[in-house]
Amino acid sequence: MKKSILLVFLTVSSWGTFAQHSHGSHGNETKKNTDQMGPMFKSQEMGEAYLKYTALKDALFASDVLKSNDAAAQLVLALQEVKNGGKAFSGAKMVSEAKSIEDKRKMFAMLSAEMIELVKNSKLTMGAIYVDYCPMANDNAGASWLSNDAKIANPYFGDKMPLCGSVKETIE
């Protein structure tokens, strides 16, 4: 009888320990996922468009023409749903139609100017967005872009000058 009670006690105790350990790791996964989510908008359509914009920015940073083609096409579709997104839509369409990575980057400068205005006129419900600026982009005319991270990852020069630029503004 004593052995049975001891066995039941040890089994229940080990389940409790496992459950607490398991519960603790779920909390860390939730925090990681929250940190990686990026900013959120009140408008679901704007949030989707911004997500597609960052995919395009990342493809340009990687100097990947195929991914930038796909990302630009997805951004065009997403911007069709955004209220007052007409100018950004036109810019995204120009990026998607450009053939070379250099031409895509030139069009991206115009698109980014429009996306910055859209983001500033939208309501963020969570997170921050950084407005980055590179004075050497766009044939030394300078150009901005939006980012989820304060760390510079220049889409205008990619691996040639990945850190060229600085954060000029934070939108919260």
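The values are calculated or read from the model by the stated rules, or taken from the named source; none is laboratory data. Owing to the predicted nature of the structure, the values given are computational and were not obtained by experimental measurement. Note that we place each Cβ from the backbone using ideal geometry, even for glycine, and neighbour counts take in every protein chain shown. Ligands, DNA and RNA are stripped out before the accessible areas are found, and what is left, the full protein with its side chains, is counted by its heavy atoms. Shrake-Rupley method; radii C 1.70, N 1.55, O 1.52, S 1.80 Å.
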Considering only segment 101-112, I want to know if a residue exists there that is part of a loop (DSSP other than H, G, I, E, B), out of contact with any Gly (no Cβ under 7 Å at 6 or more places or on another chain) and not small (Gly, Ala, Ser). no
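Every residue, every condition in (1) under 16 Å from Leu56 (Cα atoms); (2) loosely packed, with under 15 Cβ neighbours inside 10 Å; (3) without any contact (Cβ under 8 Å) to a residue 24 or more places away in the chain; (4) among the aromatic types (Phe, Trp, Tyr), yes or no:
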| site | (1), (2), (3), (4) |
| --- | --- |
| Gly86 | no, yes, yes, no |
| Lys93 | yes, no, yes, no |
| Asp103 | yes, yes, yes, no |
| Cys134 | no, no, no, no |
Selection count where residues are closer than 18 Å to Ile171 by Cβ, in contact with a helix residue (DSSP H, G or I) (Cβ under 9 Å, 6 or more places away or on another chain) and not polar (S, T, N, Q), scope segment 88-125: 9
If I filter segment 50-69 for residues that are of a type in the set (Phe, Trp, Tyr), modelled with pLDDT of 95 or more, open to solvent by less than 60 Å² (accessible area, probe 1.4 Å) and not in a helix (DSSP H, G or I), do I get at least one hit? no
Suppose we keep only residues that are under 15 Å from the mean Cα position of the chain (by Cα) and under 24 Å from Phe157 (Cβ atoms) within segment 70-84. Which one would you say is surrounded by the fewest Cβ atoms within 10 Å (Cβ to Cβ)? Gln74
